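The values are calculated or read from the model by the stated rules, or taken from the named source; none is laboratory data. Since we're looking at a predicted model, the values are computed, not measured. So basically every Cβ, Gly included, is an ideal-geometry build from the backbone, and we count neighbours across all protein chains shown.
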Amino acid sequence: MRTLCVLLLCGVAALFVDPSVSYGADSSIQVADAWARQAPMMPAMGHMHGDTGTGAVYVTLRNTGAVPDALVGAASEAAEVVELHETIRDGEVMRMRPVAKLPLPAGATLAMQPGALHIMLIHLKRPLHPGDTVPLTLTFEHGATLTLQVPVR
């Protein structure tokens, strides 16, 4: 009977866990609203990679723990290069530039969105179409990793 209760509780708990997220060593980082922007392939005018494209991933991270952390990297088999980026105003021009990390203080929420912080997918290996998913692994300063299947929209 005890085993049956434990199995039942595990089954109920599974209903509330997002199946697209694999939690690493630190489950105090929660992920919400992950999505990737549709991205076509474009000819690479003289670029050694042939056809290429760039895409962006946006996600909201929440640190529910008592210890500050930071997103320090991301990787995806969908692109040759994955970088953390911020968008800044340079006079009258908006520019994107890579950043080494995105701080995530204890109890804080970090919302990535168009025109602000985002994860850049560079030299896409295939176009990103609505309905596709993009595999993405996030790496945090304290060693935790989160693996996501990010929907394209």
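Let's see how each residue does on (1) closer than 13 Å to Trp35 by Cα; (2) in a strand (DSSP E or B); (3) polar (S, T, N, Q):
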{"residue": "Gly73", "(1), (2), (3)": "no, yes, no"}
{"residue": "Val81", "(1), (2), (3)": "no, yes, no"}
{"residue": "Ile88", "(1), (2), (3)": "no, yes, no"}
{"residue": "Ala100", "(1), (2), (3)": "no, no, no"}
{"residue": "Gln113", "(1), (2), (3)": "yes, no, yes"}
{"residue": "Gly143", "(1), (2), (3)": "no, no, no"}
{"residue": "Leu148", "(1), (2), (3)": "yes, yes, no"}
{"residue": "Pro151", "(1), (2), (3)": "yes, yes, no"}
**Request:** Could you please find all residues in the stretch 38-71 being part of a loop (DSSP other than H, G, I, E, B), touching a strand residue (DSSP E or B) at 6+ places or on another chain (Cβ under 9 Å) and either at pLDDT 95 or above or β-branched (Val, Ile, Thr) (or both)?
**Result:** Thr64, Pro68
**Request:** Any chance you could count how many residues in the stretch 122-138 are outside any loop (DSSP other than H, G, I, E, B) and closer than 8 Å to Gly53 by Cα?
**Result:** 3
**Asked** What number goes with the only condition from (1) surrounded by 14 or more Cβ atoms within 10 Å (Cβ to Cβ); (2) on the phi > 0 side of the Ramachandran plot that Gly107 does not pass?
**Response** (1)
**Prompt:** Of the residues that sit in the stretch 58-91 and are in contact with a Leu (Cβ under 8 Å, 6 or more places away or on another chain) and of a type in the set (Ser, Thr, Tyr), which one is farthest from Asp132 (Cα to Cα)?
**Reply:** Thr87
